[in-house]
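Below is one structure; the comments refer to it alone.
Only the coordinates and a few stated rules stand behind these numbers; no lab work does. Just so it is clear, the structure is predicted and the values come from calculations on it, not from any experiment. Positions of Cβ are backbone-derived with ideal geometry, glycine not excepted, and every protein chain shown enters the neighbour counts.
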Amino acid sequence: MAKEFLPGMRKDYGKDSLTKESVHPDPMMQFEEWFKAAMKSDGDEANVLTLSTLGEDQIPEGRIVLLKFYAEDGFTFYTNYSSNKARQLERHPYASMTFHWKSQERQVRIKGSISKVPTEISDAYFNERPLGSRIGAWASPQSQEIPDREFLDDRVEEIQEKFENQNNIPRPDFWGGYLLTPVKIEFWQGRPSRLHDRIVYDLVDGQWATKRLAP
């Protein structure tokens, strides 16, 4: 494979700016302001984020997941509790989230501790999912090796038959939500000539403190 040099692949930013004086004192309120703006421009993909965890080999791993809830206490996503990411979170209950809203020329990075949400909250969300997604949660042995696609299709048929006479498909015990409780949140706004604006909130003695970082 030939080496590819990509010096010409660049975009200059200049849609907005960010200062310590312009941000909300509460980072969750600032996140909500930016998230609502992203919803208008990015629609159904505004809640796409990269979740980074620490592997057993001490090498970070990232993957795309969906934010499903946010409130003053943090950010919630859902997954299979037997997946690689879940096992990593059990061993090391800390993670980071990265949102990139291309249309807004913005990025948000969040660091914090991880805990499982109460079962009743996972139940309530699971019951709101489309039927196919609920069946898929039961059918997929997430992160385990499978022989082929047909194995997965057969599992779906098995689950459909198992619950065909039930009005509601219950949430499997191995599937549910995690809450990331933030201790650090960084808001990044693209600016011209790569001189971007970066405002960071750090949780210090229960209070949020802000500072500006060099790009």
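If you stretched the chain out fully between Tyr94 and Asp148, how much longer would it get, using 0.36 nm times the residue separation minus the C-alpha to C-alpha distance?
16.1 nm
Assuming 0.36 nm per residue, please report the length gained on full extension of the stretch Ser22 to Gln166 beyond their Cα-Cα distance.
Extra length from Ser22 to Gln166 when fully extended: 46.5 nm.
Between beta-carbons, use under 15 Å as the cut-off and find the net charge around Trp138, counting Lys and Arg +1, Asp and Glu -1.
-3
Testing the spin-label approximation: label points 7 Å from Cα along Cα→Cβ at Gln58 and Glu157. State their distance in nm.
It works out to 4.8 nm between the two label points.
Between Lys15 and Arg212, what is the label-point separation in nm under the 7 Å Cα-to-beta-carbon projection?
It is 2.2 nm.
Using a cut-off of 12 Å between beta-carbons, work out the net charge of the residues near Asp12 (Lys and Arg +1, Asp and Glu -1, Asp12 not included).
+4
Provide, as a two-decimal number, the C-alpha radius of gyration of the chain over 2.2 N^0.38 Å, N being how many residues it has.
1.19
Do me a favour and compute the ellipsoid semi-axes for the range 12-52 from its Cα gyration tensor, root of five times each eigenvalue, largest one first, whole Å.
Computed over the range 12-52, the values are 19, 15, 11 Å.
Over the Cα atoms, compute the radius of gyration (one decimal) and Dmax (the largest Cα-Cα distance, rounded to a whole number) for the range 48-156, in Å.
In order Rg, Dmax, the Cα atoms of the range 48-156 give 15.4, 43 Å.
Compute, for the chain, the length of the dipole vector about the Cα centre, with Cβ point charges of +1 (Lys, Arg) and -1 (Asp, Glu) only. Units Debye, rounded to 20.
1100
Roughly speaking, what is the stretch gain from Arg87 to Met1, that is 0.36 nm per residue apart minus the C-alpha to C-alpha distance, in nm to one decimal?
Length gained between Arg87 and Met1: 27.4 nm.
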